[in-house]
Structure formats: C-alpha cells, structure tokens
Amino acid sequence: IKLEFYKRLMKTINLIMLFVSLFLQEKLQTFAFLVFVVVCTLGSIFLCLVLPETKNKTFMDISQSFAKINKIPIPPSGQEMELVLSVKPDMNGKAPDAAKMESSF
C-alpha cells in the first residue's frame with residue numbers, strides 16, 4: 001500500500017514540476033537557467049556548512065562526527081568496529097544482519 005502511495009506521490013510531483021518548469025521557461029525565457037543556478041548555489045552552501053570534512057579520516061572519526069551532529073551518544077571506542085568485523089558474509093557476499101552493522105549516525 002505504501003509503495004503505491006509513493007508512486008502516485010512521485011507522479012504528482014513530477015507533473016507539478018513539469019507545469020512549473022514550463023511556466024518558468026515561458027516567463028523567464030532565456031533566463032530560466034537562473035532558477036537552476038540558485039538551487040545549485042544554495043545546495044552547495046548547505047553542503048559546505050553542514051557536512052563535516054571526511055578527507056583522511058577513519059570510519060570511526062566520521063562516525064563520531066555524525067554522532068555529534070545528530071546528538072547521538074558516541075559508543076565506546078572499538079565497539080563499532082568489533083560489530084562490523086564480527087559479521088561474516090553469507091554465500092552471496094552480503095552480511096546476514098545489516099542491523100548489527102549500523103553505525104552511530
């Protein structure tokens with residue numbers, strides 16, 4: 001039931017976006033791309049301000065950064081990696097219980 005709801009919702013959103021984009025293109029003509037520029041600029045600013053830097057950081061450092069952002073208690077050191085390393089893949093190479101591998105973020 002939920003899947004059908006989401007399918008209808010996405011179709012409705014797509015239809016609304018089609019009409020909005022046609023209206024914008026008609027009204028703004030050659031400047032219609034400015035809407036896209038504004039959305040991309042705002043998205044870039046949001047990403048730069050909200051997401052932490054992950055370059056040269058370990059999984060644990062990144063996990064702790066997201067835990068601080070989301071105000072989740074940071075688990076004791078080593079506990080997350082023990083959970084990740086203790087799970088053995090099945091015949092298909094997938095973890096049998098992905099819930100055990102969830103991180104603090």
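The values are calculated or read from the model by the stated rules, or taken from the named source; none is laboratory data. These numbers come from a predicted model, not from an experiment. Virtual Cβ from ideal backbone geometry, glycine too; neighbours counted across all protein chains shown. We work out accessible area using only protein heavy atoms, side chains counted, and drop any ligands, DNA or RNA first. Shrake-Rupley method; radii C 1.70, N 1.55, O 1.52, S 1.80 Å.
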N56 meets each of (1) under 27 Å from N70 (Cβ atoms); (2) open to solvent by less than 100 Å² (accessible area, probe 1.4 Å); (3) of a type in the set (S, T, N, Q) with one exception, condition (2)
Pairing a residue in the stretch 45-58 that is without any contact (Cβ under 8 Å) to a residue 40 or more places away in the chain with any residue that is part of a helix (DSSP H, G or I) and open to solvent by less than 100 Å² (accessible area, probe 1.4 Å), where Cβ atoms lie under 6 Å and the two sit 6 or more apart in sequence or on different chains, gives P52/S65; T54/I62
Taking the stretch 39-67 and the residues there that are charged (D, E, K, R) and in a loop (DSSP other than H, G, I, E, B), the one that is modelled with the lowest pLDDT would be E53
Over the stretch 19-38, the set of residues at pLDDT below 90, open to solvent by less than 100 Å² (accessible area, probe 1.4 Å) and in a helix (DSSP H, G or I) is V20, S21, L22, L24, L28, L34, V35
